[in-house]
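Heads up: the structure comes next, in structure tokens.
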Amino acid sequence: MELLQRIAELLSEPRYVSLLAEGIRNTLILTAASFTMGFALGTLIAIGRLYGPRPLRWLLAGYVELIRGTPMLLQLFILYYALPQAGISLAAMTAAILGMGLNSAAYQSEYLRASLRAVHTGQWEAALALGMTRWQAITSIILPIGLRTAIPALTNELVYLLKYSSIAYFLAVVELVYAGKIIGSETFAYLEVYTIIALVYLAFSLAITRTMKRLEKKVAIPGLAVSAAERLQ
């Protein structure tokens, strides 16, 4: 009860509420923008690795391995601190979104590639029998089916990005953790501040998970999830 009282007192200060609101806003911007960027690029990478010419497949595979084999924090540092030496300067928020988006693209491409590979070959045969081109078959048949089975993995990635957005702290982006650090340094109420921040992260994580589960049920095709899972085993 005493902790709750101290949290209530902290939240009664308009300046700290405003700072936390700014942190929440920037955290959500980082999460949404990087996920959207990662999804768009990841989809193209997955399609390219599965259906593109061999040199393109090798190039894209190299990109995925490079990104997955190096820390996201290092990638952000390169974008924000190293690129200015090459004459390219990015704002902190831009560098954070770009770095997180490029990182997420590598991981999302693997989720999507696995889902696309799980689509039954009969779908290909039916699409080609109807006179569709390869690109039409991919975009009209294979991709929509694959995206449905990828929703659980994409949900995990979205939740991860929500939490990974905290590393933008190292670029001085005022996201949730950085806002908490500012408030804590002024009030020394670190326990109260970080308790609030933890609850905010938890609330958004649960909201994302529930929303994506509803989406998964809404777009589910009867029997698809089972058959796709069997083919991935």
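Rule-based calculations on the coordinates, nothing more; no lab input. The shown structure was predicted, so the numbers you read here are calculated from the model rather than taken from an experiment. Glycine gets a Cβ as well: all are built from the backbone with ideal geometry, and neighbour counts include every protein chain shown.
Numbers for the structure displayed
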read-out: Rounded, prolate or oblate (a/c below 1.5 giving rounded, otherwise prolate when a/b exceeds b/c) for the range 53-134 by Cα gyration tensor; value: prolate
read-out: Given charges at beta-carbon only (K, R positive; D, E negative), |dipole| of the chain in Debye; value: 900 debye
read-out: Ranked Lys217, Lys163, criterion: other C-beta atoms within 10 Å, fewest first; value: Lys217, Lys163
read-out: Pairwise centroid distance, computed over Cα atoms, of the range 51-83 with the range 192-219, Å; value: 29 Å
read-out: Protection proxy ranking, peptides 38-47, 177-186, 69-78, 1-10, average beta carbon neighbours within 10 Å, highest first; value: 38-47, 177-186, 69-78, 1-10
read-out: Net length gained if the chain between Leu215 and Ala203 were fully extended (0.36 nm per residue, minus Cα distance); value: 2.5 nm
read-out: Net charge of neighbours whose Cβ lies under 15 Å from the Cβ of Ser140, counting Lys and Arg as +1 and Asp and Glu as -1; value: +1
read-out: Extension gain, Arg25 back to Ala91 (0.36 nm per residue minus Cα-Cα distance, nm); value: 22.1 nm
read-out: Which labelled figure in (i) 28.7, 87; (ii) 16.6, 51; (iii) 21.3, 70 is Rg and Dmax of the Cα atoms in Å, once derived from the coordinates; value: (iii)
read-out: Computed label-point distance, nm, for sites Arg68 and Tyr51 using a 7 Å Cα→Cβ extension; value: 2.2 nm
read-out: Where a label projected 7 Å from the Cα of Ser12 along Cα→Cβ would reach, residues of the range 176-199 with amide N under 17 Å; value: 187, 189, 192-193
read-out: Positive-end residue of Thr155, Leu10, Thr31, charge dipole of the chain with Cβ unit charges; value: Thr155
read-out: The range 130-197, dipole about Cα centre (Lys/Arg Cβ +1, Asp/Glu Cβ -1), debye to the nearest 20; value: 400 debye
read-out: Extension gain from Gln5 to Ala61, taking 0.36 nm per residue of separation minus the Cα-Cα distance; value: 14.8 nm
read-out: Degrees between helix 2-11 axis and first principal axis of the chain (Cα, 0 to 90, nearest 10); value: 80 degrees
read-out: 0 to 90° range, to nearest 10: angle between helix 176-187 axis and the chain longest Cα axis; value: 10 degrees
read-out: Rounded tilt (10° steps) of 143-164 against the dominant C-alpha axis of the chain; value: 20 degrees
